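Asks: This structure is in structure tokens; I'll ask about it shortly.
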Amino acid sequence: MLLFGHLGITLGVFEAGASISRWGKGKKIDLESIFPLILIGSMLPDIIDKPLGGIIFKNQIGNGRIYAHTLLFLLGLFAIGIYFRRRFHSNTGLILAMGCLIHEGLDELWLQPFTFFWPLYGWAFPKENSEEWLHMWISGLLNNPGVYIPELIGVALLLGLVPGFVRRK
């Protein structure tokens, strides 16, 4: 999945969750105040892994799905989030972790067990050719409904939700 799918769908999931919690408890969740955290969390695995695996360790790994796309990273982020929640009464870490969880779900990482369950299958990540990323992204966006449909949904959600956040702020 690409940028708009991750951003828009993650934002939509948070909006749906906030709406459901409002129905159940009558308590308003202020998504506008955590909007930047939601967006950062939705892209955090790519923000970490694409430069690390595709640029810094390009010759050794060449893979944009490494450490931050693992269950271990996700559990660590949730542990930090729980610590910050208990210690400082801050939900920042949990919001980032939820954004990463949604990202990993949208990336369908359960289909890549050597990455998702790292290091249970060994310490090495699957090696890819980072030179082909741009071609793969463009080809997927033009030809693969599994790529362009989530991107279109993400764009629609961003166009529908972001202006309301900006106006209310």
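Asks: Within region 68-110, can you find the residues that are small (G, A, S), at pLDDT 95 or above and over 11 Å from the mean Cα position of the chain (by Cα)?
Replies: The answer is G76, A79, G81.
Asks: Across region 23-59, which residue is farthest from A97 (Cα to Cα) among those that are of a type in the set (G, A, S) and at pLDDT below 85?
Replies: G26
Asks: Sticking with this one: Looking at region 52-105 only, could you name the residues that are farther than 27 Å from G122 by Cβ and among the basic types (K, R)?
Replies: R85, R86, R87
Asks: Shifting gears a bit: May I ask you to list the residues in region 89-113 that are hydroxyl-bearing (S, T, Y) and in contact (Cβ under 8 Å) with a residue 12 or more places away in the chain?
Replies: T92
Asks: Filter region 40-58 for residues that are surrounded by fewer than 19 Cβ atoms within 10 Å (Cβ to Cβ) and either touching a His at 6+ places or on another chain (Cβ under 8 Å) or touching a residue at least 40 places away in the same chain (Cβ under 8 Å) (or both) and give the result.
Replies: I40, M43, I55, K58
The values are calculated or read from the model by the stated rules, or taken from the named source; none is laboratory data. These numbers were taken from a predicted model, which means no experiment stands behind them. Glycine also receives a Cβ, built like all others from the backbone with ideal geometry; neighbour counts cover every protein chain displayed.
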